[in-house]
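Every number in this text was worked out from the coordinates using simple rules, so none of it is lab data. Fair warning: this is a prediction, and the values are worked out from it, not measured in the lab. Please note: Cβ atoms are built from the backbone with ideal geometry, for glycine as well, and neighbour counts cover all protein chains shown.
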Amino acid sequence: MNSIGENCNDLKSRYDACFNAWFSEKFLKGHTDDSVCKPLFLSYQKCVQEALTLHKIDVIDLKTNHINGTEFDKPTKSNEDNSSKKEAES
Amino acid sequence: MKIWTSEHIFNHPWETVVQAAWRKYPNPMNTAVIGTDVVERDIKDGVLHSHRIVSSQWHFPKWVEKIIGVPKVVYASERSTVDAEGRQMTLKTTNVTFGTFLSVDEVLQYAPHPKDPAKTLLKQQATVSVEGVPLCRYMEDALTKNISFNANRGRQGLEWVINKINTEVKEIDHLLSQTKKSLDGITDTARKSMDELSASTQKIHF
């Protein structure tokens, strides 16, 4: 799947491959240490954040403007609070 | 405001379905999505939190396009949580493009089927709201129909990805067994050579 920034496609596909393997082999088996893909994530992020700016998408703005709950799922308040306090990873 | 809900059962275990959910795009049934980007991801209390920007090309009826104007690419913000221990994945998506007068909020929840843990139950809900433009209600109806149609395509798309992953797993298994066979072959050859070597060494000694 492509990235919003054409020049990020290569970095994205390398990160995605790492994440998919980590998700199947580690996370679903109860291991929550995600440091193995961190270097790839950071270089992909550097690229994608620049592309978002170019497309005038403000990620921080999106956090305050998100769905709150549905009939079958009420998000826990603490999760919402944490995510709105957290700064964008770059 | 229109609310649309639906449920679907996948005949695959939760672990398989959620792996496929991350790899849902691209798929041939659902070609509207042209890009996905993770913009934040971390683990809190064992739960994986992700924030993705989803880029897609929407196809509206012509009269809707005339009223609201449809850009080439529409962006949506998707927040998700995966709780591996509690076996639950929730994705919430809201549109970024179109701002305040049109909002499409979608929630998908994947959990093991309560009566059959080998199956996965998908609960899906979409809320469509159009405000402050002509023909609001008609537009909501048209968009809701669109969502219902796309949801069906989305499930077919996910089934397609699950099949692809299962085939990949089979191919890897096949590759591994082939590798094992050829390694066994090498070991056999090596053993034979060693036997021959020791036999010839013995000959030399005697």
task: Two decimals is fine: what's Rg over Rh for chain B, C-alpha atoms, Kirkwood radius as Rh?
output: 1.27
query: In nm², what is the average projected area of the convex hull enclosing the Cα atoms of region B:1-106?
result: 8.4
- prompt: In whole Å, how far is the Cα centre of region B:56-115 from that of region B:117-193?
  reply: 18
- request: Be a star and scan region B:72-111 for residues whose amide nitrogen sits under 18 Å from the point 7 Å along the Cα-to-Cβ vector of B:Ser148.
  value: B:104-107
0 to 90° range, to nearest 10: angle between helix B:136-205 axis and chain B longest Cα axis: 10
- prompt: Between B:Ile67 and B:Phe101, what is the label-to-label distance in nm when each label sits 7 Å out along the Cα-to-Cβ direction?
  reply: 1.0
query: With labels modelled as points extended 7 Å from the Cα through the Cβ direction, what inter-label distance (nm, one decimal) is found for A:Ala17 paired with B:Lys192?
result: 3.7
statement: At R0 = 22 Å the Cβ-Cβ FRET efficiency linking A:Asn7 and B:His59, nearest 0.05, sits at 0.20
field: Size-normalised alpha-carbon gyration radius of the protein assembly as shown, reference 2.2 N^0.38 Å
entry: 1.27
field: Compactness index (Cα Rg / 2.2 N^0.38 Å), region B:44-152
entry: 1.25
- request: Per DSSP H run of n ≥ 4, the term is -39500 (n - 2.57); total these for chain B, divide by its residue number, and report the mean residue ellipticity at 222 nm rounded to 500 deg cm²/dmol.
  value: -15000 deg cm²/dmol
field: Extension gain (nm, one decimal) between B:Met29 and B:Leu176, 0.36 nm per residue minus Cα-Cα
entry: 49.8 nm
Two-site label geometry, B:Ser200 and B:Lys44: point separation in nm, points 7 Å out along Cα→Cβ: 7.0
task: Obtain the radius of gyration and the Kirkwood radius of region A:1-57 from its C-alpha atoms and give Rg over Rh.
output: 1.06
query: When the gyration tensor of region B:131-176 is built from Cα positions, what are the square roots of 5 times its three eigenvalues, in whole Å, from largest to smallest?
result: 43, 8, 4
